[in-house]
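Peer 1: What follows is a single structure, and I will ask about it in a moment.
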Amino acid sequence: MTELALSMTDVSYAWPGRGGFAISCPTFEIGHAESVLLLGESGSGKSTLLSLVCGIVAAQSGSVVVDGTDLGAMRAGRRDRFRADRIGVIFQQFNLLPYARVADNILLPLRFAPARKARANDPLNEAARLCRALGLPDGVLSQPSGSLSVGQQQRVAVARALIGSPPLIVADEPTSALDAATQDSFLSLLFDQTNRAKSSLLMVSHDERLGERFDRVINLQDIVTTHRGTA
């Protein structure tokens with residue numbers, strides 16, 4: 001098992017176009033089973049950094065290594081399969097399929113990642129266990145995800161990210177729409193399950209009040225520099 005869930009070294013990327021946004025990251029690491037809160041305002045480069053971490057785009061220089069695998073050595077299709085297997089993503093807008101059952105939403109990543117499916121052992125039972133652990137009601141697996149409350153949909157999104165115990169969980173502003181009390185409850189559930197899976201957690205947010213729950217808090221401006229070209 002690698003000691004690092006994520007290692008970025010001398011990474012740079014510029015979006016296409018003369019006016020494209022560019023980012024560079026000399027070094028950034030997350031240890032195995034470590035939780036890191038990355039703070040940054042809108043437009044600070046969070047989305048670009050997450051795209052590099054998840055292999056949605058490939059670094060134009062430097063290396064992005066996730067769980068011991070260099071994403072730069074892969075073509076786009078292999079990066080997509082690797083992401084499905086080794087990275088659980090909690091999107092800010094959840095990105096659930098509203099007319100699909102909760103069970104189908106949670107199990108969706110396993111369709112693209114046989115190794116992750118094998119780690120889940122009995123996927124449907126594991127989905128049910130995660131739902132119970134996250135405080136979702138009995139029978140929720142058979143309900144359309146669009147029929148749930150926003151808070152319940154959020155927990156389904158967490159279950160989808162956690163199933164199959166991916167070594168790295170990436171959460172993009174998952175608490176932005178929650179009040180303080182609900183944020184605290186949500187984070188307790190999230191940490192309980194990431195700790196159980198021994199997964200590393202990278203959460204990006206603009207809310208520094210969340211920091212006391214994490215092993216480390218990093219300001220994005222301390223690890224990256226950005227540049228916006230002129231049209």
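Each value in this text was obtained by applying a stated rule to the coordinates, not by laboratory testing. Note that this is a predicted model, so its numbers are computed, not measured. When we count neighbours, we look across all protein chains shown, and the Cβ atoms used for this are built from the backbone with ideal geometry, even at glycine.
Peer 1: Relative contact order (percent) for the range 149-231, with alpha-carbon contacts under 8 angstrom and 6 or more residues of separation? Don't jump to the answer; show the numbers that get you there.
Peer 2: Details: 44 pairs, mean separation 27.6, N = 83.
Worked out over the range 149-231, it gives 33 percent.
Peer 1: About the Cα centre, and with charges only on the beta carbon of Lys, Arg (+1) and Asp, Glu (-1), how big is the dipole of the range 4-228? Nearest 20 debye, please. Walk me through the numbers before you get to the answer.
Peer 2: Working: 23 positive and 22 negative charges, 175 e Å.
Once rounded to the nearest 20, the dipole reads 840 debye.
Peer 1: Also, quick follow-up: Compute the distribution of all C-alpha to C-alpha distances in the range 4-228, in bins of 10 Å from 0, and list the percent of pairs in each, rounded to whole numbers.
Peer 2: All Cα pairs considered, the percentages come to 8, 34, 36, 19, 3, 0.
Peer 1: Extension gain residue 10-residue 124, at 0.36 nm per residue separation less the Cα-Cα distance, in nm?
Peer 2: On the way: separation 114, 0.36 × 114 = 41.04 nm, distance 4.14 nm.
That works out to 36.9 nm of additional length.
Peer 1: Can you list the HN-Hα couplings for the range 42-50, worked out from phi with the Karplus curve (6.51, -1.76, 1.60; θ = phi - 60°), rounded to whole Hz and with x for Gly and Pro?
Peer 2: Per-residue couplings from phi come out as 4, x, 8, x, 4, 5, 5, 4, 5 Hz.
Peer 1: For the range 87-118 and the range 154-231, what is the centre-to-centre distance using only Cα atoms, to the nearest Å?
Peer 2: For the range 87-118 versus the range 154-231, the Cα centre distance is 18 Å.
Peer 1: Continuing with this model, one more query. Between residue 99 and residue 22, what length in nm is gained on full extension when 0.36 nm per residue of separation is reduced by their alpha carbon distance? Before the final figure, lay out each step's value.
Peer 2: Details: separation 77, 0.36 × 77 = 27.72 nm, distance 3.76 nm.
Contour length minus the Cα-Cα distance gives 24.0 nm.
Peer 1: Send over the semi-axes of the range 1-58's equivalent ellipsoid, whole angstrom and largest first, taken as the square roots of 5 times the C-alpha gyration tensor eigenvalues. Present the calculation step by step, with values, prior to reporting the outcome.
Peer 2: Details: eigenvalues 108, 34, 17 Å².
Whole-Å semi-axes of the equivalent ellipsoid: 23, 13, 9.
Peer 1: Then there's this: Express the C-alpha Rg of the range 122-231 as a ratio against the empirical globular expectation 2.2 N^0.38 Å, rounded to two decimals.
Peer 2: Numbers: Rg = 16.1 Å, N = 110, 2.2 N^0.38 = 13.1 Å.
For the range 122-231, the normalised Cα radius of gyration comes out at 1.23.
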